[in-house]
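Only one structure is covered here, and it is reproduced in the block below.
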Amino acid sequence: MKKFFSSVAVVIGVLLASPAGAQNASNPGLAFDAPWVRASAPGQKNGAGYVQIQNKGSQTDRLISATTANVGRVELHTIINENGVAKMRQVQGIEVPAGAGATLAPGGFHIMFMGLNAPFKAGEIVPVMLRFEKAGEVKVDFEIKPPTYNPAAAGQSAAHKH
Ligand SMILES: [Cu+2]
């Protein structure tokens, strides 16, 4: 497995020295837990990214777009239930309320990678630039998980003792 610079670049800026009104000043309140995408099935051209975004700041922020290399187009999606059928819908943004955050997870909000130039391979990293209304651009590395990965089941394997 290749080693990448896996940590999100954190700007330990001296805030007092920052020029007033800097547009993409790092929001010290945003944190990103367990960003991941599922490895591509053979022939699969699209993929979805998930992450838990925490907002420990005092202002509600909003994820407005995402970009990455080697993918034709990246959109923000949610899943709606229409007459019992789950369908993906593009959204213009995902609210990240102060003191709470936003959950991007299977069955709900996700980052949609459309038109992969190369399949996502388990163990590798997809570096994604997330753009927020207030925090500006933040680079987050999404870990590619095996096709069988199921975060909802994580931690349940040890619960089979009766
Ligand atoms: Cu989607």
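Please treat every number below as a calculation from the coordinates, not as lab data. Since we're looking at a predicted model, the values are computed, not measured. As a convention, Cβ positions derive from the backbone with ideal geometry for all residues, glycine included, and neighbour counts pool all protein chains shown.
One table, with the values for the structure above:
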read-out: Cα-based Lys proximity count in the stretch 20-148, under 21 Å, for pairs eight or more positions apart or on separate chains; value: 7
read-out: Among 41-49, 70-78, the order from most to least packed when residues are scored by Cβ within 10 Å on average; value: 70-78, 41-49
read-out: Label-point gap, in nm, between ILE80 and GLN44 - each point 7 angstrom along Cα→Cβ; value: 2.5 nm
read-out: Prolate/oblate/rounded label for the stretch 38-102 (Cα gyration tensor, a/c 1.5); value: oblate
read-out: Highest to lowest packing among 80-90, 59-69, scored as the average C-beta count within 10 Å; value: 59-69, 80-90
read-out: Where labels lie 7 Å past Cα in the beta-carbon direction, separation of THR60 and ARG89 in nm; value: 1.8 nm
read-out: Rg ratio (alpha-carbon, reference 2.2 N^0.38 Å) - the stretch 20-148; value: 1.06
